[in-house]
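The values are calculated or read from the model by the stated rules, or taken from the named source; none is laboratory data. Quantities reported herein were computed from a predicted structural model and do not represent experimental measurements. Don't worry about glycine lacking a Cβ; one is built from the backbone with ideal geometry, like all the others, and counts go over all protein chains shown.
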Amino acid sequence: MTFAIVARDPQTGHFGVAKTTRTIAAGGLDLYRHIPMMGLCLGISTVGRCQKVGAVMIQNGLDAQAAMKAMIGSDEFIANRQLAAIDNHGRIAAFTGESCFPYAGHIIGDNFAVLGNVLTSAATIEAMAAAYEASKDLPFARRLLASLEGGRDAGGQHGGQRSSDMAVFGNREGPLIDLRIDLNADPVAELVRLYEIFSPLVPYYELHRSNPRGLPRADDWLKAQQTASADGA
């Protein structure tokens, strides 16, 4: 009951994942594993076992295909799973089990993969891939959201979506961006709204993480940035 995108930004080396689903509060589920500077593994209709196996493979220097092979071999219920893996060279592997509820499928593109199940048609993931490809002028995180918007607008999933989330990872432990909407009539639109509010603060939080001494409060810092931007316009 989900459609999702995993991707790597070749300009920065950042990894990202975004998904939306009928399931309430799906952002809190254990669906992906990030390996700093090395890769990302995502599973749908699973609770983390496959992703852990794939992450270990990538961490040990193997590629996305090897990670996928290990994930598939680790789960007796693999016919019900959807999986994706991407490594730090942009190599991608994806899998859709034969018992996933239809429509289910995936598309692999240049440094990204889209996948989903219980979709109204293949048009959902086709539109996701097209929207991601067409948004190269946008920031990486916003491109992930554009993909979800494309899938939603092409029909989404049966019953509609109720929660949505995204995460972007840099070259350290933990996400640079980690946002979620647990319950909303249009969770993709609400996630976009939340991202637009949050994204200007990402540099501040990175500064605060490295050295908080002398930093103003977040609101004051943001106001100063906005003033400087307006003065330079």
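Quickly run through segment 3-26 and pick out the residues that are β-branched (Val, Ile, Thr) and crowded, with 24+ Cβ neighbours inside 10 Å.
Taking segment 3-26 first, the residues β-branched (Val, Ile, Thr) are 5-6, 12, 17, 20-21, 23-24.
Residues satisfying the conditions are 5, 6, 20, 21.
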With respect to residue 110, determine if the residue is surrounded by fewer than 16 Cβ atoms within 10 Å (Cβ to Cβ) and either touching a Ser or Thr at 6+ places or on another chain (Cβ under 6 Å) or free of Cβ contacts under 8 Å to residues at least 40 places away in the same chain (or both). yes
From the list 133, 149, which one is at pLDDT 95 or above, in a helix (DSSP H, G or I), acidic (Asp, Glu) and under 22 Å from residue 103 (Cα atoms)? 149
Among the listed residues 83, 29, which satisfies the condition of being closer than 20 Å to residue 157 by Cβ, crowded, with 24+ Cβ neighbours inside 10 Å, among the aliphatic types (A, V, I, L, M) and free of Cβ contacts under 8 Å to residues at least 60 places away in the same chain? 83
Qualifying position, being in contact with a His (Cβ under 6 Å, 6 or more places away or on another chain) and farther than 27 Å from residue 183 by Cβ, among 94, 79: 94
Taking residue 182 as meeting all but one of (1) in contact with a Leu (Cβ under 9 Å, 6 or more places away or on another chain); (2) in contact (Cβ under 8 Å) with a residue 60 or more places away in the chain, write down the number of the exception. (1)
Residues that are more than 17 Å from the chain's Cα centre (by Cα), assigned to a helix (DSSP H, G or I) and β-branched (Val, Ile, Thr): does segment 62-76 have at least one? yes
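Residue check: is residue 16 in a helix (DSSP H, G or I) and either in contact (Cβ under 8 Å) with a residue 60 or more places away in the chain or within 13 Å of the chain's Cα centre (by Cα) (or both)? Write out each step before concluding.
Values: in a helix (DSSP H, G or I): no; either in contact (Cβ under 8 Å) with a residue 60 or more places away in the chain or within 13 Å of the chain's Cα centre (by Cα) (or both): yes.
The answer is no for residue 16.
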Subset of segment 130-148, residues out of contact with any Leu (no Cβ under 7 Å at 6 or more places or on another chain) and touching a residue at least 40 places away in the same chain (Cβ under 8 Å), comes to 132, 139, 140, 141, 142, 143, 144, 147, 148
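With the requirement that a residue be crowded, with 21+ Cβ neighbours inside 10 Å, among the hydrophobic types (A, V, I, L, M, F, W, C) and assigned to a helix (DSSP H, G or I), what does segment 115-128 give you? So that I can check it myself, show each step before the final result.
Applying the first criterion (crowded, with 21+ Cβ neighbours inside 10 Å) to segment 115-128 yields 115-117, 119, 124-125, 127-128.
Imposing the further condition that a residue be among the hydrophobic types (A, V, I, L, M, F, W, C) reduces the set to 115, 119, 125, 127-128.
Correct list: 125, 127, 128.
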